[in-house]
Amino acid sequence: MKLYDHTAPRFLATGGVYAYLKVAEGCDNPCTFCHIPRMRGSFRSRPLDSLVEEARRLEEAGVRELVLVAQDTTRYGEDLGMGRAGLRRLLEALLEGTGLPWIRFLYAYPATLDQRIFPLMARESRLAPYLDIPLQHASHRVLKLMKRGGGARTYRELIAAARESVPGLAVRTTFIVGFPGEGEREFEELQRFVEDVRFDHVGVFAYSHQEENPGAALGNPVPRRTKEQRRRLLMRQQERISRAMHRVLRGTETTAIVEGASPESEYLLQGRLLGQAPEVDGRLLFSDGTGRPGDIVKVKITKTYAFDLVGEIREVLIPAPSRHRALLPSLPSLRAAAVGR
Ligand code: SF4
């Protein structure tokens, strides 16, 4: 199966402020709940030069934030002979070869994450202090059945090390509840883990049994109602944690990117903090100030909720290049608007 490269034309479905850069295709991990390795084949990295070239072209087209994705970004370059240093080398090459103001990577598999990335993240202001690390569970027993290894203790240590190295690090994870082998005890262990770690963002999914998955032989013993109940419980727990973590931001000034008009009103501008990845981590609504899509701004946070934040633009720190402005609809200056949730 051929991988696309930088010569393939790109249509930016994201609107132009950010763009995803797919660094590899396929997966070699054995997760028993997942069909992707069979569907997409084994892990194949795109050549580093091709990725840097594509990133340059995206930057020239006005993109301000690059989001690296793959089924497992941590193994980037392993098949190209880079061992575990591939993702770090790619990030360094992108920092060196482009002037993109924001770069982040998603989908870090915990067992293969190269911790030498943390000092790079701490040092490079253009590399978002953001760790998306899908853990799927915290119970060692469940993780073993998922064939992922690890457990609450190792994950706690990994996240603590990351937070210690990278000031202001935002951590996102996802969990699957109702996997075979998850009894009350395992679910409670997961709840305790979520309470202790205090993630910035969490996604929770109820296990979906598929006959074609490698773990089909484990059956589907957790009733649908129980799965749904656990999903809701964990989401509610995280909502309380996120609300409290966001509250700390009230009154502080920080950096944000302006994305464009909010879907709710063309007179309301929205964007994101560095600690919010596109599409999944909530948004920042600007209730006052002037900004254009692609501007990197200083913002004062004025209101906070469980998922979204509200702030006032204080100044434009890095204006979007004019070619970018030409690509996106211009927006009027914004004054205070009623926002709430
Ligand atoms: S869940 Fe992710 S890491 Fe695991 S096999 Fe599927 S794609 Fe690979």
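Every number here is computed from the coordinates shown, using simple stated rules; none is lab data. Note that this is a predicted model, so its numbers are computed, not measured. No Cβ is skipped: glycine too gets one built from the backbone with ideal geometry, and neighbour counts run over all protein chains shown.
Using 0.36 nm per residue and subtracting the Cα-Cα separation, the extra length available between Gln115 and Leu317 on full extension is 69.7 nm.
I need the shape label for region 237-277. Rule: rounded when a/c is under 1.5, else prolate if a/b > b/c, else oblate, with a, b, c from the alpha carbon gyration tensor. Prolate shape, in that a/c is at least 1.5 and a/b is the bigger ratio.
With a/c under 1.5 counting as rounded, go ahead and sort region 135-260 into rounded, prolate or oblate using the C-alpha gyration tensor (a ≥ b ≥ c being the square roots of the eigenvalues; past the cut-off, prolate if a/b is larger than b/c, else oblate). Here region 135-260 falls in the prolate category. In the chain, if the dipole is taken from +1 on Lys/Arg beta carbons and -1 on Asp/Glu beta carbons about the Cα centre, which of Gly151, Leu234, Gln71 is farthest to the positive end? Checking the options against the dipole of the chain, the answer is Leu234. With K and R counted +1 and D and E -1, the other residues having a Cβ less than 13 Å from that of Val299 yield a net charge of +1.
Between Glu279, Glu182, Glu195, the GNM of the chain built on Cα springs shorter than 10 angstrom shows Glu279 fluctuating the most. Computed from phi, the 3J(HN,Hα) profile of region 128-138 under the Karplus parametrisation 6.51, -1.76, 1.60 (θ = phi - 60°) reads 4, x, 8, 10, 9, 10, x, 8, 6, 6, 10 Hz, with x in place of Gly and Pro. Shape of the chain from the C-alpha gyration tensor: oblate (a/c of 1.5 or more and a/b not above b/c, with a ≥ b ≥ c the square roots of its eigenvalues). Computed over neighbours whose Cβ is under 11 Å from that of Val166, the net charge equals 0, Lys and Arg +1, Asp and Glu -1. Dipole magnitude for the chain: computed about the Cα centre from +1 point charges on Lys and Arg Cβ and -1 point charges on Asp and Glu Cβ, it is near 600 debye. Just checking the listed ones, Ala108, Ala61, Ala162: in the Gaussian network model of the chain with Cα springs under 10 Å, the one fluctuating most is Ala61.
Comparing Ala122, Ala244, Ala170 in a Gaussian network model of the chain where C-alpha atoms under 10 Å apart are linked, the largest mean-square fluctuation is found at Ala244. Amide hydrogen proximity for Leu131: with H placed 1.01 Å from N in the peptide plane, the residues at 5 or more positions away or on another chain lying under 5 Å are Ala170, Val171, Arg172. Other residues within the sphere of radius under 10 Å centred on the Cβ of Gly311, judged by their own Cβ, net out at +2 (K and R +1, D and E -1). For region 18-247, the relative contact order works out to 17 percent when only alpha carbon pairs closer than 8 Å and six or more residues apart are counted.
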